[in-house]
1. Relative to the Cα centre, what is the charge dipole magnitude of segment 283-363, using +1 at the beta carbon of each Lys and Arg, -1 at the beta carbon of each Asp and Glu, and rounding to the nearest 20 debye?
2. Counting other Cβ atoms within 10 Å, keep those with at most 15, restrict to DSSP loop, and tell me which GluC sites (Glu not before Pro) in segment 257-361 are left.
3. Given H placed 1.01 Å from N in the peptide plane, which residues other than close sequence neighbours of Ala339 have an amide H under 5 Å from its amide H?
4. Quote the charge dipole size of segment 193-251 about the Cα centre in Debye, to the nearest 20; the model charges only the Cβ of Lys and Arg (+1) and of Asp and Glu (-1).
5. Stretch Asp252-Ile309 to full length: gain in nm at 0.36 nm per residue minus the Cα-Cα span?
6. Of Gly303, Met324, Thr313, whose Cα points farthest to the positive end of the dipole of segment 283-363 (charges on the beta-carbon: +1 Lys, Arg; -1 Asp, Glu; origin at the Cα centre)?
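A short reminder: the numbers here are calculations on the coordinates, not readings from a lab. These numbers come from a predicted model, not from an experiment. As a convention, Cβ positions derive from the backbone with ideal geometry for all residues, glycine included, and neighbour counts pool all protein chains shown.
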Amino acid sequence: MSIAQRFVAGEGEAHPEDSAALTAFRCDSTNLPWIIFRAAFRAAHIEQIPPRARAVLSALARTVDAAKPFAAIFARRELLTGRALQSMRTFYRSLDDLEVAGLIERRPQGRYVEAGLFGRAYLHLTEHAAALLGLIEPPRTHENKPAQTPSSTAAASAQPSSAVPSANVADGGIYKDLSPSVSQKRQPGQLPADLQRLRTLGFFDFLIFKLMREAREHGKRLSDVVEATWDHLKLAKAPINYLRALLRNPVDFALLVRRRHADHHAEQARAQQHVDAQAVALQHAGRTFIDADDARQFVIGAGGDSLTIFSLTERIGRQAAGWMPSFATALASGQLRPATALDLERFAHAQREALGKSQPCAAPLAHAKPTVTGAVRDHIAGLRHLLKVRAAGA
């Protein structure tokens with residue numbers, strides 16, 4: 001008779017209760033940014049503080065704002081104790097350990113005087129803790145740095161880099177696993193200067209970068225859309241929805257911006273031209289100029305604000321309006337030149353000759369009178385007699 005057991009312990013199919021226990025496991029599916037993941041990893045591997053303090057510091061590192069590491073940590077005690085897997089009493093002992101180590105700052109509880117209520121007491125990371133966790137760049141110190149000699153430099157270059165393991169990162173094949181992947185959500189970069197004004201309308205950096213991508217998908221540039229519609233955008237009740245509607249609009253905002261810039265540059269050029277023309281007029285105030293054909297004479301007033309033009313066929317000069325830019329242009333191009341005494345004498349002589357030739361033609365028309373005949377005198381006498389008769393009858 002066989003006395004061996006048919007089944008040996010551990011063999012055969014798994015018990016139903018064991019498979020149910022395996023399916024009951026749960027895991028936190030939170031996807032942390034790389035800088036927060038690194039801070040939590042470093043906090044859990046600080047050997048100089050107790051394990052309970054490491055767990056609390058790792059929970060604080062998961063909760064802190066990476067963009068503002070010194071700001072208040074908005075987290076309830078229940079959340080921190082749940083992440084650190086500690087009771088409330090152990091949690092407070094861990095906070096005492098971190099405060100003694102100089103890694104956190106427990107500021108006093110605030111109070112609302114008007115309402116007579118006490119506010120919350122927030123935790124803050126110290127500068128040493130932020131640098132230790134990698135949230136800020138640690139200050140570089142050059143003290144106690146041994147001087148490198150040529151022999152030590154040559155020895156260091158001759159030694160392969162893989163001979164001495166790195167003290168900051170892991171070695172071997174797992175180094176690739178510690179690097180952030182390409183698909184991981186990256187931290188926002190520096191916004192363009194012309195888009196930073198969107199922050200005043202309630203736009204966050206992540207949203208602005210997202211809108212830049214949406215504008216690129218619609219064949220536009222977000223900078224052009226904001227520049228072309230900024231006056232209306234800052235008055236909109238829902239600027240985010242309004243800006244997204246503008247991105248879907250088939251208007252060429254780049255053309256509008258170019259035209260606006262062109263008009264602005266043209267206006268600036270006209271203003272600068274007027275200023276330069278005023279300077280030229282003041283520089284030649286009180287002087288007389290003549291054109292290249294010796295047909296006109298230009299006299300600038302003593303204050304440089306008026307210009308009188310004399311022509312050969314006109315005895316009286318005419319006042320010009322808006323003459324400064326055209327005068328400066330003609331003077332720069334050589335169409336006008338300063339008049340000398342000989343030029344003034346020639347112009348006066350030519351003007352007298354031109355006016356003398358036209359004088360005889362106009363004189364007979366001005367002084368000729370019709371002759372009075374006898375019939376005209378008789379008619380006038382009859383009119384006078386008629387007037388006398390009517391006046392006597394009245």
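1. For this selection, approximately 120 debye.
2. Listed in order of number, the matching sites are Glu314.
3. Thr288, Phe289, Ile290
4. With Lys and Arg at +1 and Asp and Glu at -1, about 160 debye.
5. 15.6 nm
6. Thr313
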